[in-house]
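What follows is a short report on a single structure.
Values quoted throughout were computed directly from the atomic coordinates according to the rules given, and no laboratory measurement underlies them. Because the structure is predicted, anything quoted here is derived from the model rather than measured. Every residue, glycine as well, gets a Cβ built from its backbone with ideal geometry; the counts of neighbours run over all protein chains shown.
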Amino acid sequence: MFDTRVTHLLNIKYPIVQGGLAYLAYSELAAAVSNAGGLGQITAMSLGSPEELRKEIHKVKQMTDQPFGVNFAIGQHGRPFEHMVNVAIEEEVPVISITGGNPKPVIDMVKPHRIKTLVLVAAKRQAVKAEQLGADAVMVVGQEGGGHLGRGDVGTMVLTPQVVDAVSIPVIASGGIGDGRGLMAALALGAEGIEMGTRFIATEECRHAHPSYKQAILDGDEQATVVIKRSLGTPGRALLNPWTEEILKLEQDDPGISVLKSYIGGEANRRYIYEGHSDKGFGWAGQVVGRIKDIPTVDELIRRIIEEANQIRNDWK
């Protein structure tokens, strides 16, 4: 059942991909996911230089001999990315994922090399375009997901089969998935794998995440997140806290980027996820926080997901 086109494409045991997780997805987490049978990833654009990215890639290679990926959030950081992609090419990274912008420049750069490309999409038309550009697979995120989302407010249950029917390349479902039930639901919808972000934050190996951030994920229910940045046309789902409440109040008057910049930027994000200041920053998270109640190791989490999925399969027989 877990032998899908995604596992073959990425050369992994289980069709489980760890999300890019800005400022959090570094070598220790990535290696743990890959060692557990999934695809771990490093977040490239959260690093300050090509040298830093190269060091993280080397660390992953020291900790695992399994495939891993490097995520490029090219649309949200507003800075050049080509020199970072070149590092991934030079280091012969097996997989590159592209989020938050037009994937064409990155796909064109890696086409001559033996690197698989995954593109995160939030609409059927984006998936079709990604396939036309040469992506090897698409990761489709519904409105339940954490971090930056599409503008269409379409949930994973509807969006996933729409994309599956629209493209011929493998589809990886994302948004609201954190356990074996989510994996089985994704497979039933026609996806051939899942991507999880929020669930991997609440693991022991995500050591950059402050304990308060992890505890907020554990304490949250399905109503514990809000969508910010709608007024800017770049909506993203984050934990509800005093800081995001203030952002929502400001957005009621459509103040523009000049007013919101200090509230939604990387510094505010890091103040919360690194230092735990809920009144001075924010943390991305999906509605799946309502399903997360512990902080296991990555290996324990993935084993649990597979065991639960297998139990569901046996119950269906």
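Taking a straight Cα-Cα cut-off under 27 Å and skipping sequence neighbours fewer than 8 places away in the same chain, the lysines within cross-link reach of residue 229 are 104, 124, 129, 214, 249, 261, 280.
In this simple spin-label approximation, residue 8 and residue 253 carry label points 7 Å from Cα along the Cα→Cβ vector, and these lie 5.8 nm apart. Rounded to the nearest 20 debye, the dipole size of the stretch 1-92 about its Cα centre is 200 debye, using +1 on the Cβ of Lys and Arg and -1 on the Cβ of Asp and Glu.
Remark: relative contact order (the stretch 225-284) = 33 percent; criterion is Cα-Cα distance under 8 angstrom and separation of 6 or more residues. Result for the chain in a Gaussian network model with C-alpha springs under 10 Å: among 176, 256, 290, the largest mean-square fluctuation is at 256.
Annotation for the stretch 139-200 versus the stretch 1-20: alpha-carbon center distance of 14 Å. DSSP bridge analysis restricted to the chain gives an antiparallel fraction near 20%, rounded to the nearest 5. Counting other Cβ atoms within 10 Å as a rough exposure proxy, the listed residues 237, 151, 54 run 151, 54, 237 from fewest neighbours to most.
Helical content of the chain, expressed as a calculated mean residue ellipticity at 222 nm, amounts to -12500 deg cm²/dmol (DSSP H runs of 4 or more residues, -39,500 (n - 2.57) each, divided by residue number, nearest 500). Projecting label points 7 angstrom from Cα along Cα→Cβ for residue 312 and residue 158 puts them 2.1 nm apart.
Taking the Cα centre of the chain as origin and assigning +1 to Lys and Arg Cβ atoms and -1 to Asp and Glu Cβ atoms, the resulting dipole is close to 460 debye. Taking 0.36 nm per residue of separation and subtracting the Cα-Cα distance, full extension of the segment from residue 261 to residue 230 would add 9.8 nm. A simple charge model with +1 on the Cβ of Lys and Arg, -1 on the Cβ of Asp and Glu and nothing else charged puts the dipole of the stretch 193-261 at about 220 debye relative to its Cα centre. When the Cα positions of 194, 99, 146 are compared along the charge dipole of the chain, 99 comes out farthest toward the positive end, with charges on each C-beta of Lys, Arg, Asp and Glu. Arranged from fewest to most other beta-carbon atoms within 10 Å of their beta carbon, 231, 49, 258, 97 become 258, 49, 231, 97.
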